[in-house]
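Encoded as C-alpha cells, the structure appears first; notes follow it.
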Amino acid sequence: MSTKKTPSRKVTAPKIEIDASRRPPLGMPPAVFLRDYWQKRPLLIRNAFPGFVSPIEPEDLAGLACEEAALSRLIAHDREHDTWQVRHGPFDEAEFPGMPDHDWTLLVQDVDKWDADVAEVLEAFDFLPRWRIDDVMVSFAAPGGSVGAHVDQYDVFLLQAHGHRRWQVDASPNPPLEFRHDVELKLLSEFTPTHEWMLGPGDMLYLPPGVPHHGIAEDACLTFSVGMRAPSAAELLGDFVDTLASGADESLRYRDPDLTPPRDAAEIDAVSMGRVVEALNALRMNDPDRLGDWFGRFITLYRSAGTVMADDAPFSADGVEQAFAGGATLMRHPFSRMAWRRATRGASLYVSGQTYALPVRDAQIIANGAVLDGADYTRLSNAGRACLAELLGAGHYQPIDDPDAHG
C-alpha cells in the first residue's frame with residue numbers, strides 16, 4: 001500500500017522592509033501590522049508619509065530648546081577618543097551658531113505639545129490607543145550626529161522628517177544588551193547590526209522594545225520619534241501600592257487567632273508567612289471600578305511633561321453655553337491627557353489624574369474632543385455639560401473665538 005506525502009506548506013516570515021506608497025503609513029491594514037510586527041519584529045517602512053515636508057525647522061527646534069519649560073538635551077560625540085558629552089537645557093540661543101559642523105545632536109521632548117503642526121503627525125497613528133502614545137520627540141543632528149547604539153524599553157516609530165539618517169538594527173533573536181560603564185548614556189558595550197538602511201524624508205522605522213539600534217546623521221537632519229507610554233512593572237506596582245496604602249482601613253492588620261506555641265520562638269515559620277500573605281491580600285482591589293479608576297488616573301498622569309493651570313475666573317455651564325452660542329470653539333490644552341473607561345454604571349472619564357463619572361456618550365465625546373464645537377455641546381447631557389464647564393475652568397480647554405485661525 002503506497003502512501004502519498006502531503007506537501008508541507010512553507011511558512012514565510014513577514015518582510016522586514018516594505019513600501020507604503022499605496023497604503024500609508026503602514027503599507028498594510030493596521031490589524032496585519034499589529035498581528036505580525038507590533039512588539040514582535042522591526043519594520044522599515046519606505047514612503048510611510050509620501051512627500052513629507054517637516055513642519056518644523058532646525059532653528060525652531062533650537063529656539064524651543066532655549067525655553068525653560070521644554071525638556072531638551074545636547075549630545076556630542078568625540079569619535080577620536082570615543083567619549084560622549086551630555087548637557088541638559090534650557091540652552092542659550094547664542095551658543096548654537098558656534099556649534100561644530102559635525103557629531104552632535106539636539107533632542108527635544110514633547111514637541112507635539114508645543115507645535116500644533118507637529119501634533120498633527122499623531123493623527124496617522126490612530127490605529128493605536130491614544131492613551132498609549134506618549135509624545136513626539138524631535139532631534140536635529142549635524143552630519144555624523146548620533147546618540148550611540150542603544151535599546152528602548154518601549155515601542156517607537158522613527159520618522160525621517162528632513163535630511164538623511166543611516167539606521168543600523170540588530171534583529172537577531174538574543175542580542176547582547178550589556179551597557180558601557182564609562183559613559184553617562186546607556187550605550188551598548190557590544191553592537192553587531194543585522195540590517196542597515198538609509199532613510200530619507202517620509203521613510204519610517206518601527207522598533208519594538210528591546211531591539212538594539214543606532215542612528216547616524218548622513219547630513220543635517222531632523223527625525224521625529226513617536227514613543228509609547230510603557231510604564232515598568234515596578235512603576236505600576238509602586239503607584240498601585242501607594243494608592244492601596246493611602247486608602248487602607250487601619251483595622252486590617254496581621255492576625256493570628258489560630259496561634260499555637262512555636263517550636264522555636266525566634267523562627268518566622270511558614271504558617272506565619274501565610275498570615276502575612278492573608279494580610280496583604282486583604283488590601284487587594286477586588287472591585288474592577290476601583291482598579292480601573294486607579295489605572296485611568298495613573299496613565300493620564302504618567303510622564304507628564306507639563307501642568308495645566310486653573311483659570312482665574314472659572315466658567316459656569318451657562319458661560320460655556322453662551323460661548324458656544326457666540327460661535328466659539330473649545331481647544332484642549334496640549335498638556336491635558338484624557339481617556340475613558342466603561343464602569344459598572346455609565347463611564348469614568350480620566351483627565352490628567354482626575355476622575356469624572358459620566359454617561360458613556362459624554363465620556364466618549366469629551367475624551368475624543370481635542371476640539372469641541374457647538375454641535376458637540378448639544379450632544380452632551382447636563383452632566384457632560386457641567387463636567388465640560390469644570391474642565392474649562394480648570395484650564396483643560398481654552399475658548400477660541402476664531403476656529404479658522406487655529407487650523
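Structural remarks
- Cα centroid separation, segment 10-83 to segment 221-251 (Å): 26
- As an equivalent ellipsoid, segment 317-406 spans semi-axes of 21, 14, 11 angstrom, where each value is the square root of five times an eigenvalue of the C-alpha gyration tensor, largest first.
- Set of aspartates and glutamates near residue 15 by C-alpha distance (under 19 Å), chain-local residues within fewer than 8 positions excluded: 36, 155, 170, 196, 203
- Computed magnitude of the charge dipole of the chain (debye, nearest 20; Cβ of K, R +1, Cβ of D, E -1): 2640
- Solvent-free Debye calculation, one equal scatterer per alpha-carbon of the chain: log10 I(q)/I(0) at 0.10 Å⁻¹ equals -0.85.
- Once the Cα-Cα distance is subtracted from the 0.36 nm per residue extended length, the residue 379 to residue 361 segment shows a gain of 5.6 nm.
- Along segment 20-30 the Karplus relation, 6.51 cos²θ - 1.76 cosθ + 1.60 evaluated at θ = phi - 60°, assigns HN-Hα couplings of 9, 3, 7, 8, x, x, 9, x, 6, x, x Hz to successive residues, with x for each Gly and Pro.
- Mean sequence separation of contacting Cα pairs (under 8 Å, at least six apart), scaled by the length of segment 317-406, corresponds to a relative contact order of 38 percent.
- Cut-off under 5 Å, modelled amide H: who pairs with residue 133 long-range: 229
- Pairs of Cα atoms nearer than 8 Å and 6+ residues apart set the relative contact order; for the chain it is 13 percent.
- What the pair-distance distribution of segment 33-111 shows, using all Cα-Cα distances binned every 10 Å from zero, is 14, 33, 28, 22, 3 percent.
- The alpha carbons of segment 70-210 stretch over 46, 43, 26 Å along the principal axes, in descending order.
A short reminder: the numbers here are calculations on the coordinates, not readings from a lab. The shown structure was predicted, so the numbers you read here are calculated from the model rather than taken from an experiment. Note: ideal-geometry Cβ built from the backbone for every residue, glycine included; neighbour counts use all protein chains shown.
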